[in-house]
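**Q** I have a structure I would like to understand better, so I am pasting it below and will then ask my questions one at a time.
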Amino acid sequence: MFAQTVGIKPRQKSAAHRFSFCPQCSVSLAMGPPPEGALNMAAWDMIRDLVGSDPALNQAAWETLSGVLGLLPATGTDGAPRSAQGAGYFEF
């Protein structure tokens, strides 16, 4: 993120900081509801722009998540393997 003052001389500029997000976190944050507060909204908009700029990011997130889903037992079971029929969505 980068910040800069407007309307005063001399302009003050912040150092640019980098934050790294894994594909799963990026997609999860971008698909969630908008947060409260101007700075949180600005960061959320930046992440949404990144996620929307390349379908490969979404693909990487879903590939990793599908691997995790195979390791988790289905909801309400004793850990028996999930059927292929329910593999397309999360059960809550």
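Only the coordinates and a few stated rules stand behind these numbers; no lab work does. Predicted model only: the values in this text are computed from it and were never measured. Methodologically, a virtual Cβ is constructed for each residue, glycine included, from the backbone with ideal geometry; neighbour enumeration extends over all protein chains shown.
**Q** Over region 1-68, what portion of Cα pair distances is larger than 19 Å, expressed as a whole percent?
**A** Roughly 46 percent, once rounded to a whole number.
**Q** Once you list every other residue whose beta carbon is under 14 Å from the beta carbon of Pro34, what net charge do they have if Lys and Arg are +1 and Asp and Glu are -1?
**A** -2
**Q** Report the gain in length on full extension from Glu63 to His17: 0.36 nm times residue separation, minus Cα-Cα distance, nm rounded to one decimal.
**A** Taking 0.36 nm per residue and subtracting the Cα distance, the gain is 13.7 nm.
**Q** What is the gain in length, in nm to one decimal, between Ile8 and Leu29 on full extension, counting 0.36 nm per residue of separation less the C-alpha to C-alpha distance?
**A** Here the answer is 4.1 nm.
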